[in-house]
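Heads up, the thing below is written out as structure tokens.
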Amino acid sequence: MVRGKTSKVVIATVLAVCMAVVLVPAAFAQSQAPVPSGLKVGLPTSSDGGVLKLTWNVTSPESITGYKVYRSASPDGGFKSVFSDTADTRLNVMQFMDAGLEPGATYYYRVTLIDSGGKETSPSNVAKGVLPALAGPAPAGGKKQADTREKGKHIIISVTENRIWFLENGVLVRTHLCSTGMPSHPTPLGVFHVEDHEYCAISVKYGGVYMYWWMGFAPDTGMHALPYDPKSGSWTSADCLGYNASHGCVRQAISDAQWAYNWAPNGTRIDVISGHFNYTPPPPPPPPTTGGSGSQGISKLSKDWYFAEGCTTGNFDEYLCMMNPSDKIANVNATYMKPDGSVVGGSYTVQPFARFTVHVNDIPGLDDAEHSTHLSSDVEMAAERSEYFYDYAGGKNGGTDSAGVTAPGKSWYLAEGYTGGDFDEYVLIQNPETTAASVHVQYMKPDGQTVLKNYAVNPTSRMSLHVDDVPELASTDVSTWVTSNIPVVVERAQYFNYYGKDDGNASAAVSSPSKIWYLAEGYTGGDFDEYVLIQNPEATAGKADVTFMCEDGTSVKKEYALIPQSRFTIHVDDIPGLESRSVSTKIEASVGVIAERAEYFTSYGRTGGADAPGVTEPQKYWYLAEGYTGGDFDTYVLVMNPGDEPSNVDVNYLLPGGGIKQANYTVAAHSRYTIHLDEIPGLTNTEVATALTGSQPIICERAMYFSIDNE
């Protein structure tokens with residue numbers, strides 16, 4: 001904003017001759033005030049957020065005495081006055097900083113002027129302002145260590161050294177010389193805040209000099225550029241920078257004053273001190289959490305969803321992702337079960353055609369707990385659980401995701417598992433019943449050897465089995481078969497460092513073997529390693545015919561022998577013809593087996609790993625509850641068409657609050673198709689769930705890659 005000041009204290013100083021650009025006020029015409037024009041709305045050069053900058057043109061500034069700013073959420077009406085002020089100005093451009101606004105919101109503005117007769121002009125043009133949204137599924141990436149650094153922007157002025165320091169979140173951004181008050185007219189000491197911004201303040205008391213880029217912080221005191229004398233058309237005396245030479249204001253070189261004006265929003269704290277400011281640099285930030293996750297699609301909606309795994313301890317952050325693809329509101333009740341058998345409840349409302357997220361760490365009683373979860377809804381929906389963690393078990397950083405299961409069972413299978421190197425494997429068992437469960441666990445090794453263990457799981461509780469602690473399972477690939485006398489829920493979590501790629505993965509167990517399995521995702525290019533894991537829990541040997549389907553419709557077929565009660569591993573990268581390929585997989589076995597796929601990768605600098613179980617048959621309808629495109633997240637939906645005919649796939653992307661984006665794709669026969677959600681218009685920087693409908697039966701999965709700052 002531009003406003004005349006009649007009592008600003010000014011003392012002349014001279015700017016060094018090396019300044020190449022001199023700002024000279026233009027001559028002004030005499031006329032009545034017309035309507036303001038050229039209203040523009042944008043972001044300040046720098047701010048703490050929630051601030052929009054308005055600028056507009058005035059043809060006859062000397063004829064106006066004030067202005068009003070109007071704001072609305074719609075360009076078509078509803079404008080209300082949000083600010084008004086006097087404007088004794090001699091400049092043709094006026095501006096205003098609108099602060100305290102909502103991140104991600106859109107606002108519309110218009111401006112009027114008040115003429116010398118006190119009458120308001122017609123409004124200016126309508127201008128639109130958009131604030132950036134907050135990045136990331138707040139606060140994805142795990143609980144942070146306590147950060148004692150001061151938050152926000154902070155200005156420190158030393159009247160002894162005549163120097164200014166500018167800090168943001170405790171980090172020094174800039175420092176430069178200034179000129180503060182003489183002993184006879186000292187700059188006031190103490191803690192202040194920026195009260196107002198004025199492009200040009202005019203000091204009538206000291207000869208009508210102009211003080212560009214004014215930021216007031218105390219009565220008759222502010223920070224501004226070296227005084228400009230309109231009579232001589234020059235900036236005055238800069239040789240006093242670094243000395244006490246003003247009548248109380250804080251003077252800066254022209255470029256320094258302009259930078260500070262744009263950097264510091266109203267409300268910025270200013271400390272004026274008499275001594276030296278000792279700046280201590282903060283420690284370097286921790287490295288970002290990088291990783292990825294994968295999940296098979298959900299082919300059948302349910303009113304009940306169970307998750308054996310869940311953790312909010314240490315640096316873990318847990319999210320429950322719910323998807324309501326129906327036209328009815330879903331009322332969801334949650335029961336969280338702890339290892340000691342105690343439970344915590346919760347209830348949620350999920351709007352029609354919407355994605356909904358619960359940050360479990362925010363639930364009282366679950367801010368530091370291992371637990372399992374049961375979601376019960378009055379409307380059929382889909383649900384997944386995501387975890388992000390930092391500095392776990394030797395500095396591992398990453399994230400996991402798994403779809404839930406729709407009912408407890410007495411038999412569960414996990415094809416993947418490894419205890420060698422820097423891998424930690426856990427089997428999680430949830431007992432949602434009111435009686436204790438007797439659980440029998442059979443671990444199967446690649447050579448057909450088995451290890452048997454028995455456990456008791458208390459009612460409404462969660463148990464964690466650290467597979468690495470079983471002596472017979474040291475440093476081995478392992479599959480798992482869990483049976484129970486009453487229905488339970490089983491999941492596996494792994495944390496690892498695989499050749500420098502640290503991360504984790506998680507997967508719900510599958511309830512029964514099958515002779516056919518499909519895996520939609522797979523990639524062998526770059527620094528990706530893909531493994532297909534096959535568990536044969538049968539007492540008889542068998543074989544597996546495996547077909548790898550590429551995006552161009554070509555296929556590679558292999559046959560493998562499966563020994564009884566064993567785990568078998570296929571390193572897909574080693575198969576001739578599958579180098580640097582996107583690939584889906586079909587497994588046809590002579591005996592009932594279980595199949596999973598594991599990936600270890602470096603994706604655009606993001607290191608990690610992911611895992612997902614296969615599905616046993618194609619379907620026309622699929623659901624993916626999780627998905628995020630903000631920050632450094634990339635979400636991919638992978639579609640496999642194992643059939644003989646092309647499949648037209650209609651996709652509905654469901655957004656928080658009920659927004660829907662639609663798309664359509666054609667997936668060729670015997671091929672794999674990749675959809676990158678971040679590149680779809682309307683899906684930028686948002687949580688998203690995905691519903692797919694194929695004209696022919698298909699398979700789908702989702703893969704996510706991410707990097708999250710830990711500050």
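So here's what we get for this one:
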| item | result |
| --- | --- |
| Subset tally (residues that are closer than 30 Å to Val171 by Cα and hydroxyl-bearing (Ser, Thr, Tyr)) for segment 280-311 | 3 |
| Qualifying residues in segment 328-337 (those that are assigned to a strand (DSSP E or B) and β-branched (Val, Ile, Thr)) - the one farthest from the chain's Cα centre (by Cα) | Thr335 |
| First in segment 673-701 and assigned by TED's automatic domain parsing to the domain that holds Arg355, second anywhere and surrounded by 16 or more Cβ atoms within 10 Å (Cβ to Cβ), Cβ under 9 Å, 6 or more apart | none |
| Search result, residues across segment 426-457 that are touching a Lys or Arg at 6+ places or on another chain (Cβ under 6 Å) and under 22 Å from Val593 (Cα atoms) | Val427, Val441, Met444, Pro446 |
| Output for segment 439-450, where each listed residue is of a type outside the set (S, T, N, Q), part of a loop (DSSP other than H, G, I, E, B) and touching a helix residue (DSSP H, G or I) at 6+ places or on another chain (Cβ under 9 Å) | Lys445 |
| Thr236, sole failed condition from (1) in contact with an Asp or Glu (Cβ under 6 Å, 6 or more places away or on another chain); (2) at pLDDT 95 or above; (3) of a type in the set (Ser, Thr, Tyr) | (2) |
| Residue that is surrounded by the most Cβ atoms within 10 Å (Cβ to Cβ), among those in segment 551-565 that are touching a Lys or Arg at 6+ places or on another chain (Cβ under 7 Å) and at pLDDT 95 or above | Leu562 |
| Tabulated pairs, segment 267-278, first at pLDDT below 95, second loosely packed, with under 11 Cβ neighbours inside 10 Å and in a loop (DSSP other than H, G, I, E, B), C-beta under 9 angstrom, 6+ apart or interchain | Gly267/Gly100 |
| Residue check for Glu679: over 24 Å from the mean Cα position of the chain (by Cα), more than 18 Å from Asn324 (Cα to Cα) and of a type in the set (D, E, K, R) | no |
| Condition met for Glu370 (farther than 26 Å from Ile534 by Cα and either of a type in the set (Asp, Glu) or under 30 Å from the mean Cα position of the chain (by Cα) (or both)) | yes |
| Matching strands (runs of 3 or more DSSP E) fully within segment 521-616 where at least 3 residues are free of Cβ contacts under 8 Å to residues at least 24 places away in the same chain and either touching a strand residue (DSSP E or B) at 6+ places or on another chain (Cβ under 7 Å) or farther than 30 Å from Phe706 by Cα (or both) | 555-562 |
| Residue match in segment 598-619 (condition: among the hydroxyl-bearing types (Ser, Thr, Tyr), surrounded by fewer than 21 Cβ atoms within 10 Å (Cβ to Cβ) and on the phi > 0 side of the Ramachandran plot) | yes |
| Filter pass, Val649 being among the hydrophobic types (A, V, I, L, M, F, W, C), touching a helix residue (DSSP H, G or I) at 6+ places or on another chain (Cβ under 8 Å) and either surrounded by 23 or more Cβ atoms within 10 Å (Cβ to Cβ) or in the same structural domain as Val532 (by TED's automatic domain parsing) (or both) | no |
| Neighbours by Cβ (under 9 Å, 6+ apart or cross-chain): first from segment 202-226, in a loop (DSSP other than H, G, I, E, B) and crowded, with 22+ Cβ neighbours inside 10 Å; second polar (S, T, N, Q) and at pLDDT 95 or above | Leu226/Ser179; Leu226/Gln252 |
| Conditions (1) out of contact with any strand residue (DSSP E or B) (no Cβ under 7 Å at 6 or more places or on another chain); (2) closer than 26 Å to Asp391 by Cα: number failed by Ile708 | (1) |
| Sole exception among (1) within 23 Å of Asn266 (Cβ to Cβ); (2) out of contact with any helix residue (DSSP H, G or I) (no Cβ under 8 Å at 6 or more places or on another chain); (3) modelled with pLDDT under 85 for Pro44, by number | (2) |
| Residue match in segment 392-404 (condition: of a type in the set (Val, Ile, Thr) and surrounded by fewer than 22 Cβ atoms within 10 Å (Cβ to Cβ)) | no |
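The rows are residues; the columns are (1) at pLDDT 95 or above; (2) in contact with a Phe, Trp or Tyr (Cβ under 6 Å, 6 or more places away or on another chain); (3) of a type in the set (A, V, I, L, M, F, W, C).
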{"site": "Pro513", "(1), (2), (3)": "yes, no, no"}
{"site": "Phe528", "(1), (2), (3)": "yes, yes, yes"}
{"site": "Phe568", "(1), (2), (3)": "yes, no, yes"}
{"site": "Gly592", "(1), (2), (3)": "yes, no, no"}
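Here's the yes/no breakdown for (1) part of a loop (DSSP other than H, G, I, E, B); (2) surrounded by fewer than 24 Cβ atoms within 10 Å (Cβ to Cβ):
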| site | (1), (2) |
| --- | --- |
| Gly291 | no, no |
| Ser295 | no, no |
| Tyr306 | no, no |
| Glu309 | yes, no |
| Thr313 | yes, yes |
| Tyr319 | no, yes |
| Met323 | no, no |
| Ser326 | yes, yes |
| Pro339 | yes, yes |
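For every residue, the table says whether it meets (1) modelled with pLDDT under 95; (2) in contact with a strand residue (DSSP E or B) (Cβ under 6 Å, 6 or more places away or on another chain); (3) more than 22 Å from Gln449 (Cα to Cα); (4) surrounded by fewer than 18 Cβ atoms within 10 Å (Cβ to Cβ).
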site: Glu472; (1), (2), (3), (4): no, yes, no, yes
site: Ser475; (1), (2), (3), (4): no, no, no, yes
site: Thr483; (1), (2), (3), (4): no, yes, no, yes
site: Val488; (1), (2), (3), (4): no, yes, yes, no
site: Glu491; (1), (2), (3), (4): no, yes, yes, no
site: Ala509; (1), (2), (3), (4): no, yes, no, no
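The values are calculated or read from the model by the stated rules, or taken from the named source; none is laboratory data. Everything numeric in this text was worked out from a predicted model, so none of it was measured. We place every Cβ from the backbone using ideal geometry, glycine too, and count neighbours over all the protein chains shown.
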